[in-house]
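**Student:** Starting off with a structure, shown below.
The values are calculated or read from the model by the stated rules, or taken from the named source; none is laboratory data. Predicted model only: the values in this text are computed from it and were never measured. All Cβ positions, glycine included, derive from the backbone under ideal geometry; neighbour counts span all protein chains shown.
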Amino acid sequence: MKRLFALALFVACLGLPVPVLAQPSLGAAFLADETATIELNDFAFAPRDLALKVGRRHRLILKNKGQVMHYFGSSDFFKAVEIVGFISGGVARPFTGQTHIPVNPGDSKEVIVKPKEPGQFTFTCFVPTHVYNGMTGTITVNP
Ligand SMILES: [Cu+2]
């Protein structure tokens, strides 16, 4: 009898709307057509050349594998894209017009961009000595 009651309760519950308590995974927070992981090392980006496409949503995962803080920055590039989403500290956050994204050692951030126009852009680390030591790369946005 107890078992039957439990079964009836279970069946009754099936008809009720189930509250969604689970947080969507970060991957699902913003849909992207393409994903590229960019490693920020001491003192280079890997890869150092990126190819994106106008109108596609590109998820750029910025991973700092180095021992010191690095930046992924490009004032020209961030002006030529629509920012679809930004994830920092595991949480979706507003992207406040920044052009140089700092990433702590061992940390990662994600920016989802949709290029608006074709072109070639340089990206660098914000720290001048890091640029001098090789932290620079190229983003090509194809039509
Ligand atoms: Cu750096």
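**Student:** Just checking, does segment 91-111 include any residue being among the small types (Gly, Ala, Ser) and within 16 Å of the ligand (Cβ to nearest atom)?
**Tutor:** yes
**Student:** A further question on this structure: Among Thr129, Thr96, which is modelled with pLDDT under 95 and polar (S, T, N, Q)?
**Tutor:** Of the residues listed, the single one that is modelled with pLDDT under 95 and polar (S, T, N, Q) is Thr96.
**Student:** Can you confirm whether Ser75 is of a type outside the set (Phe, Trp, Tyr), at pLDDT below 95 and within 23 Å of Asn133 (Cα to Cα)?
**Tutor:** Yes.
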